[in-house]
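Notes follow the structure.
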Amino acid sequence: RYRGLGTAPDAVLPCLVFIHGGGWVIGSLYTYDQLCRSLANHLGACVISVDYRLAPEHRFPAAVDDCAAALRFVTDQAAALRIDPARIAVGGDSAGGNLSAVMALMGRDGAVPAPGFQLLLYPVTDMAGETRSYDRCIEGYPLTTTTMRWFIDHYVPQAADRIDWRASPLRAASLAGTAPAFVMTCGHDPLCDEGIAYAKRLDGEGVAVTHLHVANQMHAYLTMGRFIPTSDVTLRQAAAALRAHWGLA
């Protein structure tokens, strides 16, 4: 759990439940420590980082179940955690963006407490991997088409499960009624086109959405802030969107 720099220890803060990336196979609380610290400080709020079971030992839908349990826990324990239960958002990057979108859909349907906002950072939204951006990112990037398909094979080995909206939220029958969203996509990323498609569907189905496309960046750059200054700029933009939703000055 992180609380933004300068916030009072006993203050009741809005909260971002953050779900880390890593293709559902790698990634941890520790590898995302710096990103969560930055978000907490930019938000001036609380960030709770979720540790979920990883594939291939724990395949789909284990990660979904764990994130749902975490969201329920945070909501139920809001008073003890000194967070405002009326201002709980969910967000994450890549696989974490996928799981966050799923939590927003589950929240709309009453399966989990409905988050008030979804912060989706280059999210996975469709396991099919058939978009044109998959054809562009063959080699030379932190995430390539081959690596992405390797992750999918480990997390959702059964092809029939890949059309389940809990794996591919872009395939949900409707996105209407889900929480307002911030969606970030980047140009050099196999996930680029499906992220854009998700933002367009949210907008087309009446969900308030801010879509930021960073054309000259690559997947995973948000965790490379020491080398890529645009990382912090993007995190500040994402935080500004969430702060505005929360009504923070």
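So here's what we get for this one:
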| read-out | value |
| --- | --- |
| Residue count for region 131-141, restricted to those that are touching an Asp or Glu at 6+ places or on another chain (Cβ under 9 Å) and not basic (Lys, Arg) | 5 |
| Matching residues in region 67-87 - criterion: being of a type in the set (A, V, I, L, M, F, W, C) and either over 20 Å from residue 7 (Cα atoms) or surrounded by fewer than 24 Cβ atoms within 10 Å (Cβ to Cβ) (or both) | 67, 68, 69, 70, 71, 73, 74, 78, 79, 80, 81, 86 |
| Residue in region 143-152 that is nearest to residue 25 (Cα to Cα), counting only those that are open to solvent by less than 80 Å² (accessible area, probe 1.4 Å) and more than 18 Å from the chain's Cα centre (by Cα) | 147 |
| Residues located in region 40-58, provided they are farther than 23 Å from residue 79 by Cβ and either surrounded by 18 or more Cβ atoms within 10 Å (Cβ to Cβ) or out of contact with any His (no Cβ under 9 Å at 6 or more places or on another chain) (or both) | 41, 42, 52, 53, 54, 55, 57, 58 |
| Meets criteria (in a helix (DSSP H, G or I), in contact with a helix residue (DSSP H, G or I) (Cβ under 6 Å, 6 or more places away or on another chain), under 23 Å from residue 183 (Cβ atoms) and not charged (D, E, K, R)) for residue 102 | yes |
| Identity of the residue in region 114-141, surrounded by fewer than 19 Cβ atoms within 10 Å (Cβ to Cβ) and among the aliphatic types (A, V, I, L, M), that ends up nearest to the chain's Cα centre (by Cα) | 128 |
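The values are calculated or read from the model by the stated rules, or taken from the named source; none is laboratory data. This is a predicted model, so every value here is computed, not measured. Counting neighbours? That spans all protein chains shown, and the Cβs are built from the backbone with ideal geometry, glycine included. When the accessible area is computed, the model is the full protein with side chains, heavy atoms only, and any ligands, DNA or RNA have been set aside. Shrake-Rupley method; radii C 1.70, N 1.55, O 1.52, S 1.80 Å.
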